[in-house]
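Student: The structure under discussion is supplied below as structure tokens; questions concerning it will follow.
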Amino acid sequence: MEPKVSVMSPQDGPRPRWSVGSSSGLHYGSFVNSLSSLTPQTPEKQRISPKRAKIAVAVLCYINLLNYMERYTIAGVLLNLQKFFDISDSTAALLQTVFICSFLLLAPLFGYLGDRYNRKYIMIGGLCVWLVTAAGSSFVTESFFWLLILLRAMVGIGEASYSTIAPTIIGDLFTGAQRSIVICVFYIFIPIGSGLGYITGAGIATLTGDWRWALRITPIMGIVGLVLLVLLCPNPPRGAAETQGEGITGGSSYLEDVKYLLRNKSYMWSTLGVTATAFLTGALAFWMPTFLSRAQIAQNLRPVCEKEPCNTTDSFIFGGVTVVTGILGGCLGTVLSRWFRDKVPNVDPIICAVGLLGSAPCLFIVIFAASSSIPATYVFIFIGEVLISLNWAVMADILLYVVIPTRRSTAEALQITVGHLLGDAGSPYLVGAISDGISRSDPTSPIWSFHSLKFSLLVCPFVGALGGLFFFMAALYITEDKKAALRLVEEVEIPSPQQDPSSEPPLELSPQKN
């Protein structure tokens, strides 16, 4: 039985508060307010001006850009890093795998905290951890590769706090079509940041002659982001956008939140689709520059890299393609969503499904065209990445409108956990391990090194097609799930003064403190 949403009448006390009650008797607000270390002593102004909301989004977008720049900087200098540490493909892929594993394991914790405590403080703490560990990883010497692995795992702690919570703050600042546009802008910075990660990583390594400086540029920029976050980002009441600034407090336990999400079929199927997308993009983002470099060596267009610094041209080009396709695909997906939403209520998961299914044949062509034509390979990389990028903003918007506000951080966290656990946590390592296994038949041949990576990448289009089917399943349920979430927020009961308070479910009615 779903919890009801209630509000006090003006005669009954202070300003009305919107609350989601539960038979559990656990009040988020009262519990949170007792923890002064995470909660300000005075409530923040309930209504946040449009100007301040836009400034907050700009800050969140900037930090999101840095997150993904840092995540893919290593991929941009992977050839140099492999030469420096003398490691195989599968061992190199561990750098991405351990980062994603710590990221996904801690996401549920930050989801739990994000639905209950001050989200701004949580992000500040996570960003501080990210800055220190990301900068520290650039000082590891060649005999301490294990330390680099450990530091990369710790970087995931900071990113887990931010990626879980930031979208929910945006969801509480905007609603409707305006939210879709803002979410599109926020998520466009994923491919932009990823592409700039390749470009800045390769560029700084080339400019300085030392790949370590590539790992230091984003922490330096991150200090600016930390200051902006402290000064300019608010912590809006949960559900403020849907309740004219009043906000909603929850009264359910974490177990009840999880059960609610498991019953939400469109959320579950779209989470599987997000997982397939993460698997696909994780493997391609980590290995594609190296694959393109090996393809040119196999065609005798480039000599084999004997020692660092290696040629990073492909990282530059692939990074630029990723930036352009991310902007183009993200905007196109949002435009299609807004254009067809009134005519086709379940259009969002259909857009995601078409994007993934359409990318599968493009990836097949990319994998086999690389043997003979690098320009043709880049053309189909461009088309495939545009189709995949249709999903970025639309996937996030789906979660925000099928899940009630007091459970969005938990929903984000669980989706991140499942998506990364079964997606990009293992896909770079899986591709690297398959490549190592195939190349053992002729480990010294640069041509066979290319072909082994080529055959291992064939797993990607199959997973992309499977993700498209998952989104088609989500399309069957999304209309009803969206209506159910709206009913929980909009069906407001105003108790009469004569009504016995003891007959009401336990609710948190005190002013929300952020």
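Student: In whole Å and largest first, what semi-axes does the C-alpha gyration tensor of the range 44-185 yield when each eigenvalue is scaled by 5 and square-rooted?
Tutor: Square roots of five times the eigenvalues give 34, 15, 12 Å.
Student: Give me the one-decimal nm value for the distance between modelled label points at residue 208 and residue 55, 7 Å along each residue's Cα-to-Cβ direction.
Tutor: 3.3
Student: Take the alpha carbon atoms of the range 327-397, find their radius of gyration, then divide it by 2.2 N^0.38 Å using N residues; give the quotient.
Tutor: Dividing the Cα Rg of the range 327-397 by 2.2 N^0.38 Å gives 1.24.
Student: Then there is this: Calculated FRET efficiency, residue 486 and residue 88, Cβ-Cβ r, R0 60 Å, to nearest 0.05?
Tutor: According to the calculation, E is roughly 0.70.
Student: Here's another thing I want to ask about it. Taking the Cα atoms of the range 282-359, report the difference between the largest and smallest coordinate on each principal axis, in whole Å and largest first.
Tutor: Principal-axis extents of the range 282-359 (Cα, largest first): 58, 20, 19 Å.
Student: Give the calculated FRET efficiency between residue 223 and residue 306 to the nearest 0.05, with a Förster radius of 25 Å applied to their Cβ-Cβ distance.
Tutor: The value I calculate is 0.10.
Student: Using the per-residue mean of other Cβ atoms lying within 10 Å as a proxy for protection, in what order, highest first, do the peptides 334-346, 151-163 fall?
Tutor: Going from most to least packed, we get 151-163, 334-346.
Student: Just to check I understand the Karplus step: with θ = phi - 60° and J = 6.51 cos²θ - 1.76 cosθ + 1.60, what whole-Hz values come out for the range 311-325, glycine and proline as x?
Tutor: 5, 10, 4, 5, 5, 4, 5, 5, x, x, 4, 5, 4, 5, 5
Student: Before anything else, pin down the relative contact order of the range 310-456: Cα pairs under 8 Å, at least 6 apart, normalised by residue count, whole percent.
Tutor: About 23 percent, as a whole number.
Student: Taking the Cα centre of the range 98-185 as origin, work out the dipole magnitude from +1 charges on Lys and Arg Cβ and -1 charges on Asp and Glu Cβ, in debye rounded to 20.
Tutor: Working: 5 positive and 4 negative charges, 41 e Å.
Using Cβ point charges on Lys, Arg, Asp and Glu, the range 98-185 gives about 200 debye.
Student: Note down the nm distance, to one decimal, between modelled labels 7 Å out along Cα→Cβ at residue 469 and at residue 230.
Tutor: That separation, rounded to one decimal, is 5.2 nm.
Student: Let me ask something additional. Please give the peptides 217-230, 283-296, 179-192 ranked by average Cβ packing (other Cβ atoms within 10 Å per residue), highest first, as a rough proxy for protection.
Tutor: So the peptides 217-230, 283-296, 179-192, ranked by packing, come out 283-296, 179-192, 217-230.
Student: If you don't mind, another one. Do any trypsin sites (Lys or Arg not before Pro) in the range 422-482 lie in a loop, going by DSSP, with at most 14 other beta-carbon atoms within 10 Å of their beta carbon, and if so which? Kindly include the intermediate steps, with their values, before the conclusion.
Tutor: On the way: sites: 440, 454, 482; in loops: 440.
Taking the range 422-482 and a limit of 14 other Cβ atoms within 10 Å, the loop trypsin sites (Lys or Arg not before Pro) found are 440.
Student: Another one. Which three semi-axes in whole Å describe the equivalent ellipsoid of the range 53-127, each the square root of 5 times a Cα gyration tensor eigenvalue, listed largest first?
Tutor: 31, 17, 7
Student: Highest mean first, what order results for 397-405, 361-369 on Cβ atoms within 10 Å? Walk me through the intermediate numbers first.
Tutor: Values: 397-405: 24.8, 361-369: 19.8.
Most protected by this proxy first, the peptides run 397-405, 361-369.
Student: Heavy-atom accessible area per residue, the range 323-363, 1.4 Å probe: how many Å²?
Tutor: Here the residues of the range 323-363 average 43 Å² of exposed surface.
Student: Mind scanning 343/483; 83/454; 51/120 and naming the pairs with a C-alpha gap bigger than 28 Å?
Tutor: Among 343/483; 83/454; 51/120, the Cα-Cα distance tops 28 Å for no pair.
Student: Say each of residue 343 and residue 442 gets a label point 7 Å from the Cα, pointing the same way as Cα to Cβ; how far apart are those two points in nm?
Tutor: Modelled inter-label distance: 5.4 nm.
The values are calculated or read from the model by the stated rules, or taken from the named source; none is laboratory data. Computed from a predicted model, the values in this text were never measured in an experiment. For neighbour counting, all protein chains shown are included, and Cβ atoms are generated from backbone atoms with ideal geometry for every residue, glycine included. Accessible surface areas use protein heavy atoms only, side chains included; no ligands, DNA or RNA. Shrake-Rupley method; radii C 1.70, N 1.55, O 1.52, S 1.80 Å.
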